[in-house]
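A short write-up of the structure that comes next.
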Amino acid sequence: MRRTAARRPASCAAFSFCDVDIQLRVRALESLLVDKGLVDPKALDTLIDTYETKVGPRNGARVVAKAWVDPAFKQRLLADSTAAIAELGYIGRQGEDMVVLENTPKVHNVVVCTLCSCYPWPVLGLPPVWYKSGPYRARTVIDPRGVLREFGVSLAHDVEVRVWDSTAELRYLVLPERPQGTEGMTEEQLADLVTRDAMIGVAQVKAPRRW
Ligand code: FE
């Protein structure tokens with residue numbers, strides 16, 4: 001069997017939130033399946049990458065970009081998130097009851113599932129490894145500012161941090177603040193700026209350097 005090593009996965013934004021033990025077990029299982037010729041590692045990587053960073057979060061990014069450019073849509077999105085998201089065709093399991101949380105200069109929202117890994121699949125795809133880890137689930141409710149700092153987000157003291165605990169009934173999507181200097185950008189260009197982490201609330205959306 002191929003030896004496995006604890007290495008930082010590409011999806012792990014903050015290493016302290018990765019459960020190395022689980023990763024080792026998964027890697028060991030993967031090695032076994034690959035050695036027996038049952039799975040193609042490249043196909044597996046492509047599949048995971050697709051759902052983790054492309055298909056899912058792209059949907060959420062389109063919701064966010066539309067809310068930024070279309071005030072009426074934004075109003076509907078905040079009033080009845082599930083229905084407004086469904087207008088764009090993003091419906092399905094784990095997205096039946098959605099709540100969109102708007103970040104403002106004075107309020108920053110961050111989402112966690114303290115019990116397991118509840119996550120809005122139709123708009124964000126599969127949850128990242130760190131989202132499912134014990135440290136993220138436990139520490140986000142105790143010390144959200146500390147957790148955010150580890151993700152590279154430093155908030156001013158007068159910004160209120162709101163932590164939302166996802167459940168089987170309710171799934172949350174953070175509507176990040178539109179970055180300054182993006183006034184001339186199209187909806188599609190704006191969607192390209194929106195990251196998965198920003199829609200979980202552990203990142204802020206940044207304007208491109210040369211715009
Ligand atoms: Fe859960």
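The values are calculated or read from the model by the stated rules, or taken from the named source; none is laboratory data. Since the structure is predicted, the reported quantities are computational estimates derived from the model, not experimental observations. For neighbour counting, all protein chains shown are included, and Cβ atoms are generated from backbone atoms with ideal geometry for every residue, glycine included.
When the range 113-131 is filtered for residues that are in contact with a strand residue (DSSP E or B) (Cβ under 6 Å, 6 or more places away or on another chain) and away from the ligand (no atom under 14 Å from the Cβ), only Val123 remains. Would you be able to say whether some residue in the range 167-188 is assigned to a helix (DSSP H, G or I), at pLDDT 95 or above and more than 29 Å from Ile22 (Cβ to Cβ)? The answer is yes, given that some residue of the range 167-188 is assigned to a helix (DSSP H, G or I), at pLDDT 95 or above and more than 29 Å from Ile22 (Cβ to Cβ).
No other residue among Leu173, Leu190 is within 16 Å of the ligand (Cβ to nearest atom), crowded, with 21+ Cβ neighbours inside 10 Å and among the aliphatic types (A, V, I, L, M) apart from Leu173. Between Val100, Val110, the distinction of being more than 16 Å from the ligand (Cβ to nearest atom), among the β-branched types (Val, Ile, Thr), modelled with pLDDT of 95 or more and not in a helix (DSSP H, G or I) belongs to Val100 only. In the set Thr167, Thr182, only one residue is touching a residue at least 12 places away in the same chain (Cβ under 8 Å), out of contact with any Pro (no Cβ under 9 Å at 6 or more places or on another chain) and polar (S, T, N, Q); that residue is Thr167. One residue is enough: does the range 142-157 have a residue meeting the conditions touching a residue at least 40 places away in the same chain (Cβ under 8 Å) and more than 16 Å from the chain's Cα centre (by Cα)? Scanning the range 142-157 turns up at least one residue that is touching a residue at least 40 places away in the same chain (Cβ under 8 Å) and more than 16 Å from the chain's Cα centre (by Cα).
Checking the structure you have, find out if any residue of the range 50-60 is in contact with a strand residue (DSSP E or B) (Cβ under 9 Å, 6 or more places away or on another chain), in the same structural domain as Val159 (by TED's automatic domain parsing) and surrounded by 15 or more Cβ atoms within 10 Å (Cβ to Cβ). Looking through the range 50-60, at least one residue is in contact with a strand residue (DSSP E or B) (Cβ under 9 Å, 6 or more places away or on another chain), in the same structural domain as Val159 (by TED's automatic domain parsing) and surrounded by 15 or more Cβ atoms within 10 Å (Cβ to Cβ).
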